[in-house]
Amino acid sequence: MSGAREASRPIISATNLCKVYVRGREEIKALDNATFEVGVGEFVALVGPSGAGKSTLLNLVGCMDAPSSGTLKLMGRSVEQLAEAERTRLRRDQLGFVFQHFGLVPTLTVAENIALPALFARRSATGKTEELLAKVGLEHRRDHRPHELSGGEMQRAAIARALVNNPALLLADEPTGNLDSATGETIIELFARLNRDGLTILVVTHNSRLANSAHRHIELVDGRLRQGVTTDLQSRAPMLTIYPAPA
């Protein structure tokens, strides 16, 4: 059994997590009493139909939005009890983000894009940038700008940027959504390699191949975690009970 499967310490712990958006007099419950954990070293896929609440949940875990109710702990810290400055530091220092649309700064080179989060944190990134360029296979593209890259190269640069501050948790929202299947496969292999190296990963995806590369999946339907158990998509064996929302 791999270290990821043996992990018992939760890096994410959510209890009765809810998110409600108000539109005029209408309340839209985007997330409904979600209770789950992700252990250190796990690779978990968040799956479900469009509009099910996957990105909402990822935004809450990423401290980019606040829950309407419920509790969320990251690395053992209650997020709702943190001041805004503390949440910013947590987001900057402990979390890495990868998006479907890459989010690279068009006027910066690949190396400069990768180093950017470290500069915001007032850290030297010279050695780390070179290490990450090698890790994602972009040494030959270090001085190119995003418009000179392929889609797969842009996403690899975005992944390297997400890793520059040595995050404890990598969050990815449809990282293969803008890529063809062959290019997407290189990103899937990169995620699997990063996880084997010990990185905890939570990824939102509609890509069955990416979901099947994860240790298990959490399924959301209409803002609620589907009743039953999550599944180890590699062995098809039960892995962890997912708590259903109250009836």
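Readers should treat all values here as calculations from the given coordinates under stated rules, not as data from a laboratory. Note that the coordinates shown come from a computational prediction; the quantities given were computed from them, not determined experimentally. Virtual Cβ from ideal backbone geometry, glycine too; neighbours counted across all protein chains shown.
A few remarks follow.
- Mean residue ellipticity (222 nm) of the chain, computed from DSSP H runs ≥ 4 via -39,500 (n - 2.57), nearest 500: -9500 deg cm²/dmol
- FRET efficiency for the pair Thr107 and Ile28, taken as 1/(1 + (r/R0)^6) with r the Cβ-Cβ distance and R0 = 30 Å, rounds to 0.20.
- Ranked by the mean number of other Cβ atoms within 10 Å of their residues, highest first, the peptides 42-48, 13-19, 27-33, 167-173 come out as 42-48, 167-173, 13-19, 27-33.
- Between the alpha-carbon centres of segment 36-101 and segment 142-213 there is a gap of 18 Å.
- Built amide H within the under 5 Å cut-off of His217, gap 5+: Ala45, Thr231, Leu233
- Gyration tensor (alpha-carbon) shape descriptor, segment 119-177, a/c threshold 1.5: oblate
- Candidate cross-link partners of Lys29 among the aspartates and glutamates, defined by an alpha-carbon separation under 16 Å and a same-chain spacing of 8 or more, comprise Asp65, Asp222.
- Label zone at Arg123, where the point sits 7 Å out along the Cα-to-Cβ direction: segment 176-202 residues whose backbone N lies under 14 Å: none
- For the chain, DSSP calls about 55 percent of its internal beta bridges antiparallel.
- Ordering of 205-216, 185-196 by packing is 205-216, 185-196, highest average first (other Cβ atoms within 10 Å, averaged per residue).
- Dipole magnitude of the chain about its Cα centre (Cβ charges: Lys, Arg +1; Asp, Glu -1), debye to nearest 20: 380
- Using a Förster distance of 25 Å, the FRET efficiency for Glu139-Asn212 (Cβ separation, nearest 0.05): 0.25
- Entry note, segment 125-165: relative contact order of 53 percent, from Cα contacts under 8 Å with a spacing of 6+ residues.
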